[in-house]
Amino acid sequence: MVLDRYRAAADRFLTPVAVRLIKVNPDTISWTGVTAAIGAGVGFFLGGPGFLSVALVLLLLSSYLDALDGKVAKLAGKASARGDFLDHVLDRYADVFLIGGVAFSAYCQLWIGTLALLGVLLTSYMGTQAQAVGQGRRYAGVLGRADRLVLLFIGGLVQLLVSPSGGVGWGVRPLLLQPLEWFILGFAVLGHATAVQRAWLTWRGFSA
């Protein structure tokens, strides 16, 4: 999880806003974030310069709110197991709509998007399964959720600048992919690698 090292820097952009929203229910922020993610997924699916631009803006908003809800909960003394559970459930729905929106769009082949989505979901599953067997939630791995969101934004931005309507491939045959499609393929490879890594660490934990 490469971006974890920048968590302290990110707090500078979260804390001032969280203080102003301290009376807002963190669950409301979580629901607003997943709504923005759904909108972003729809924007990716519809495609074209306008919808792709909207998708990127909503992706940024969703990512920010996803980090903000936890900060508000901590500052307001409202952090709870219930809120943590809701946050993780909504995160999974957000992942499905974001990756699914790209997978069914003109920017990506369905099989690549499907592999990426499976990698994302298995990564999350392996993390919580470690907790279920008493080893604590496992966040280790090369590709965490924050990393995915940043890469998805960068991939979408490159796609917007190069070929907002889709159809322009990079690479050599048979691997001639669109810009965003390359990023989604990266999700597929790194997502499954992270899932396997977490599974292996949990397996080793039984003999520790």
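The values are calculated or read from the model by the stated rules, or taken from the named source; none is laboratory data. What you see is a predicted model, and the numbers here were worked out from it, not measured in a lab. As a convention, Cβ positions derive from the backbone with ideal geometry for all residues, glycine included, and neighbour counts pool all protein chains shown.
Key figures
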quantity: Single condition ALA79 does not satisfy, out of (1) under 22 Å from SER165 (Cα atoms); (2) modelled with pLDDT under 90; calculated: (1)
quantity: Pairs where the first residue, in the range 136-150, is free of Cβ contacts under 8 Å to residues at least 40 places away in the same chain and the second is not hydrophobic (A, V, I, L, M, F, W, C), C-beta under 7 Å, 6+ apart; calculated: ARG137/GLY127; ARG137/THR128; ARG137/GLN131
quantity: Top-ranked residue of the range 161-208 - restricted to ones that are under 30 Å from GLY50 (Cα atoms), at pLDDT below 90 and of a type in the set (Phe, Trp, Tyr), ranked as nearest to the chain's Cα centre (by Cα); calculated: PHE187
quantity: Criterion (at pLDDT 90 or above and under 26 Å from LEU160 (Cβ atoms)) met by exactly one of LEU122, LEU117; calculated: LEU117
quantity: Test: residue in the range 97-114 that is closer than 26 Å to GLN129 by Cβ and either touching a His at 6+ places or on another chain (Cβ under 8 Å) or at pLDDT below 90 (or both); calculated: no
quantity: Helices (runs of 4 or more DSSP H) completely within the range 78-189 that count 1 or more residues being in contact with a Cys (Cβ under 9 Å, 6 or more places away or on another chain) and either surrounded by 21 or more Cβ atoms within 10 Å (Cβ to Cβ) or of a type outside the set (Asp, Glu) (or both); calculated: 81-103, 110-132
quantity: The range 1-14, residues that are modelled with pLDDT of 80 or more and surrounded by 15 or more Cβ atoms within 10 Å (Cβ to Cβ); calculated: LEU14
quantity: Residue selected from the range 55-76 under the condition more than 17 Å from the chain's Cα centre (by Cα) and either modelled with pLDDT of 95 or more or assigned to a helix (DSSP H, G or I) (or both), by the criterion nearest to VAL150 (Cα to Cα); calculated: LYS71
quantity: Neighbours by Cβ (under 7 Å, 6+ apart or cross-chain): first from the range 1-28, under 15 Å from ASP66 (Cβ atoms) and assigned to a loop (DSSP other than H, G, I, E, B); second hydrophobic (A, V, I, L, M, F, W, C) and modelled with pLDDT under 70; calculated: none
